[in-house]
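Everything on this sheet refers to the single structure shown next.
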Ligand code: 3PY
């Protein structure tokens, strides 16, 4: 494919900084021959360790969230500039756990994506339907809407720094995985909506990942699909050998 496959780990709320140091030391040799882009998205408290320990390697570091304001009275929040200054390159925006537990909406996803892009970060924007929405047959409409709103005011030029991760909520942390055909279908729908907004060339160049219990066993089939350009990896990203299998399958 002409576009870049990206395998990104989403560590979620796991690993102290000391534990992160151990894991990154295991990851560096395990993924050094990757043919894809390799990203690890870690808790804020692990970022300094991750950036330091991956200097001069093929591993890129990302955060798991970012606030949309530049600075000010937002106790407990972290700005895009703060991440950039640390050497962080990526940030996940709109993971379903943030939508579900932290009142994230399509509108705040859009604000975070814009703030991150304007600061020079690359964003991994997560979209995906619940089990109920899938059963009601509104997956395509829902994912189209989430994608369109998340990208409002994002320029065609900035799309070079945008990754979309299709993460069906029913496949997150449940051990259930979308079938490769389901993943391919929705990733294709996402690419189609990007094409409607930005044109075919941008759509063809945009990395669209699948996420949701992708692991060392099921990665090969999922990654074989033409519209699945990598993965956002939960639990399996916390084990260096498993993460390496996924990276080497991409
Ligand atoms: C999962 O695989 O469970 C994820 O949520 C990846 O982001």
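Among the residues making up the stretch 179-217, those that are crowded, with 16+ Cβ neighbours inside 10 Å, within 16 Å of the ligand (Cβ to nearest atom) and without any contact (Cβ under 8 Å) to a residue 40 or more places away in the chain are 182, 214, 215, 216.
Summed over the stretch 151-172, residues that are away from the ligand (no atom under 16 Å from the Cβ) and outside any loop (DSSP other than H, G, I, E, B) total 5. Among residues that are surrounded by fewer than 17 Cβ atoms within 10 Å (Cβ to Cβ), modelled with pLDDT of 95 or more and in contact with a helix residue (DSSP H, G or I) (Cβ under 9 Å, 6 or more places away or on another chain), residue 122 is not included. Is it the case that the stretch 201-215 has a residue that's within 22 Å of residue 90 (Cα to Cα), assigned to a helix (DSSP H, G or I) and touching a strand residue (DSSP E or B) at 6+ places or on another chain (Cβ under 8 Å)? Within the stretch 201-215 (the criterion being within 22 Å of residue 90 (Cα to Cα), assigned to a helix (DSSP H, G or I) and touching a strand residue (DSSP E or B) at 6+ places or on another chain (Cβ under 8 Å)), the answer is no, since none of the residues qualifies.
For every residue, the table says whether it meets (1) at pLDDT 95 or above; (2) under 23 Å from residue 234 (Cα atoms); (3) over 17 Å from the mean Cα position of the chain (by Cα).
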site	(1), (2), (3)
65	yes, yes, no
69	yes, no, yes
81	yes, no, yes
104	yes, yes, no
109	yes, yes, no
114	yes, no, no
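Consider the stretch 60-88. How many of its residues are assigned to a loop (DSSP other than H, G, I, E, B), out of contact with any strand residue (DSSP E or B) (no Cβ under 6 Å at 6 or more places or on another chain) and touching a residue at least 24 places away in the same chain (Cβ under 8 Å)? Number of matching residues: 8. Considering (1) surrounded by fewer than 17 Cβ atoms within 10 Å (Cβ to Cβ); (2) in contact with a helix residue (DSSP H, G or I) (Cβ under 8 Å, 6 or more places away or on another chain); (3) assigned to a helix (DSSP H, G or I), the lone condition that residue 46 does not fulfil carries the number (1). Taken over the stretch 89-119, the criterion of being touching a helix residue (DSSP H, G or I) at 6+ places or on another chain (Cβ under 6 Å), outside any helix (DSSP H, G or I) and over 22 Å from residue 229 (Cβ atoms) is satisfied by 104, 119. Only one of the listed residues (129, 141, 185) is under 23 Å from residue 222 (Cβ atoms) and more than 17 Å from the chain's Cα centre (by Cα). That residue is 185.
Here residue 27 clears all of (1) surrounded by fewer than 23 Cβ atoms within 10 Å (Cβ to Cβ); (2) more than 29 Å from residue 156 (Cα to Cα); (3) in contact with a helix residue (DSSP H, G or I) (Cβ under 8 Å, 6 or more places away or on another chain) except the condition numbered (1). Being within 16 Å of the ligand (Cβ to nearest atom), buried (at least 21 other Cβ atoms within 10 Å of the Cβ) and in a loop (DSSP other than H, G, I, E, B) is a condition met by no residue of the stretch 132-149.
Does residue 233 satisfy the criteria of being farther than 20 Å from residue 130 by Cβ and within 16 Å of the ligand (Cβ to nearest atom)? Full working, then the answer.
Details: farther than 20 Å from residue 130 by Cβ: yes; within 16 Å of the ligand (Cβ to nearest atom): yes.
So residue 233 passes the test.
Scoring residue 230 on the criteria (1) at pLDDT 95 or above; (2) at negative phi; (3) out of contact with any helix residue (DSSP H, G or I) (no Cβ under 6 Å at 6 or more places or on another chain) leaves a single failure, condition (2).
The values are calculated or read from the model by the stated rules, or taken from the named source; none is laboratory data. Quantities reported herein were computed from a predicted structural model and do not represent experimental measurements. Heads up, the Cβs are rebuilt from the backbone with ideal geometry, glycines too, and the neighbour counts pull from every protein chain shown.
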